[in-house]
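For reference, the structure discussed in these notes is given below.
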Amino acid sequence: MKEKQIQKFLMGILRVALLIFGVSAAAFFLLAISPIDPLQSNVGQGALGAMSQEQVEKLKAYWGADTPMIQRFFTWAWDFVRGDMGVSLLYRRKVSEILWEKAAGSLGMMALAWLLSGGMGFFLGSLAGAKQGKWQDRLITGYSLLMASTPAFFLALLLLMVFSVWLKILPVGFSVPVGVEASQVSFADRAVHAILPAAALSLTGISNIALHTREKMIEVMESDYVLFARARGEDTRRIIRRHCLRNIALPAMTLQFASVSEIFGGSVLVEQVFSYPGLGQAAVNAGLGSDVPLLLGITVVTAVLVFGGNALANLLYGMIDPRIKRGDGI
Amino acid sequence: MKINRRTKTIGWLLLSAVFLITVTLWGCFWREEALITDFSRKNLPPCREYLFGTDFMGRDMFVRTIAGLSLSIRLGILTAAASAVFAGILGICGAVLGKAADSFVTFLIDLVMGIPHILLLILISYACGKGFFGVVVGITLTHWTSLARLLRGEVLQLKNSQYIQIASRLGMGKLQIAAKHMVCHLLPQFFTGLILLFPHAILHEASITFLGFGLSPEDAAMGVILSESMKYLATGKWWLALFPGGLLTITVLLFHVLGDSVCKLLDPGSAHE
């Protein structure tokens, strides 16, 4: 029994490793087949034209533009595994340094949005499911459908218009106040700047989690054991607490971890609106500025976060669910 | 007379279909007009003549919005259809062609889902040299996963049914069975999945264009309109973002309604409601 579990665990790890390798390979080749000339976009059309043929050849050799793609990939991958992610062409600094800096800037905001959207989504979803067909349900599903149809960046624009331009109570953008030395920035300043981006992210993020939780809740409410509990005379409050919440906790957890990818995707857009200097904005700048090493670094790190989240969900699943803990299987 | 839910659903379906078709055709008509600049009427707030106001180059925002929506809808239909066909082929192949093919397809699904859509769109758009082509390829290659997973599950279930097993014992090949017995079962699922892909395709097209990877700045596309509006928000030109974005939201919402209605009408279990 034990052996089987360990084997399953190892297979899981192997699978995640393979997936991360696959993502890096896919990202690398996508960027390598691009018709955008790395020389031209990094040196600039004018500067490239002014260089002699010899200089251009030298530069090409320096950047290894002529070595075959596969060889380049393995060189890059090997360096990456050893911790050398290359040098960003845009910032002229180590990719790993920039990733740290950008992540430190926006991970807090993203985590806040992630927890808020998960918590609110779970609460609203189970409320709607428990009151299926009543006005609460209609309000919540209506809200979720509306939010699912609203582009995250448009919501961000609306929030910006109302709270920053019109009411002038929250900052227009950036993660710290303008014109203040880095050492002088207080935690409160950072928090105030994170409110609007986090709100835009979680307001849209709620809808997906709420709708799925609602469906699960309805399924549970129609189950035999809830019917039996009702027949025994338990009231709805107690049924929800004792039977429903426990049964929808597991799928909700999977949803919560699966939403890591969505939160990150949304943050790319929202950070662009608020000029918030985080990973998302770095990804956009890297893409627009043809900064291949940085874009690759961001992609691989995000993939690790997403797969790591999923793997963690599976692991927690096994620890929380008594059926899996006993090894019955479902 | 009491209106039952089926009639109501058909009503919603017709309403959203009429709205979407009108906007699409209307926008095709206004393609040239959306580009007209007139500096004598720049930065006008909404009024009776210019419903959505005008921008810094004196372009009529209402015309631009309709043209942009039309472009978005047409692009959405193209990419959603391509994506759905891709999903259909991969989903069925994965389930029918044996274990190796199946694990390959599930691996591919997990791989694509592991990169956030927007990031993958940036990568693919970069690979295609940005622009229109990049958007089409990008959205096609990112949106097939959930439908493929759904169809694969459906086929796996079908494979255990008796008539499929009998057909196989009678000597029909795997692909023959797939074409003759499975496709007709999957078509309703396929079509509702296809319609439910539209809103996502449109949203992502607008998003990637908003970031600057998609359609070129000259085009009257929703993403372009909204990213331009961003520069003028701080100076109080609220109408540049509010109306186009609002109409985009309504369009996407109506596609959701359309998909849900079709789903309800096709489902035999709800026929009596």
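The values are calculated or read from the model by the stated rules, or taken from the named source; none is laboratory data. Predicted, not measured: the structure shown is a model, and the values here were computed from it. For neighbour counting, all protein chains shown are included, and Cβ atoms are generated from backbone atoms with ideal geometry for every residue, glycine included.
Observations on the structure shown:
- Residue within the stretch A:241-251 that is surrounded by 20 or more Cβ atoms within 10 Å (Cβ to Cβ), over 26 Å from B:Thr209 (Cα atoms) and of a type outside the set (Ser, Thr, Tyr) present: yes
- From the list A:Ser175, A:Ser259, A:Ser207, A:Ser202, the lone residue that is crowded, with 20+ Cβ neighbours inside 10 Å, under 26 Å from the mean Cα position of the chain (by Cα) and assigned to a loop (DSSP other than H, G, I, E, B) is A:Ser175.
- Filter result (over 14 Å from B:Leu75 (Cβ atoms), at the interface with another protein chain (Cβ under 10 Å from one of its Cβ atoms) and in a helix (DSSP H, G or I)) within the stretch B:216-238: B:Leu226, B:Ser227, B:Ser229, B:Met230, B:Leu233
- Subset of the stretch A:297-306 that is crowded, with 24+ Cβ neighbours inside 10 Å and either closer than 17 Å to A:Lys94 by Cα or of a type in the set (Phe, Trp, Tyr) (or both) - its residue that is farthest from the other protein chains (Cβ to nearest Cβ): A:Gly297
Residue by residue, here is whether (1) at the interface with another protein chain (Cβ under 9 Å from one of its Cβ atoms); (2) touching a residue at least 40 places away in the same chain (Cβ under 8 Å); (3) surrounded by fewer than 24 Cβ atoms within 10 Å (Cβ to Cβ); (4) in a loop (DSSP other than H, G, I, E, B) holds:
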| residue | (1), (2), (3), (4) |
| --- | --- |
| A:Ala282 | no, yes, no, no |
| A:Ser290 | yes, yes, yes, yes |
| A:Pro293 | no, yes, yes, no |
| A:Ala311 | no, yes, yes, no |
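- Candidates in the stretch A:76-118 are the residues that are basic (Lys, Arg) and at pLDDT 80 or above; of these, the one that is surrounded by the fewest Cβ atoms within 10 Å (Cβ to Cβ) is A:Arg82.
- Against the conditions (1) surrounded by fewer than 12 Cβ atoms within 10 Å (Cβ to Cβ); (2) among the aromatic types (Phe, Trp, Tyr); (3) at pLDDT 85 or above, A:Phe187 satisfies every one except (3).
- From A:Gly133, A:Gly121, residue being farther than 30 Å from A:Ser275 by Cα and either within 14 Å of chain B (Cβ to nearest Cβ) or under 22 Å from the mean Cα position of the chain (by Cα) (or both): A:Gly133
- Of the residues making up the stretch B:176-215, those that are away from chain A (no Cβ under 14 Å) and more than 17 Å from B:Ser70 (Cα to Cα) number 19.
- Helices (runs of 4 or more DSSP H) lying entirely in the stretch B:45-129 (those with 2 or more residues that are crowded, with 24+ Cβ neighbours inside 10 Å and either within 14 Å of another protein chain (Cβ to nearest Cβ) or in contact with a Phe, Trp or Tyr (Cβ under 9 Å, 6 or more places away or on another chain) (or both)): B:61-96, B:117-127
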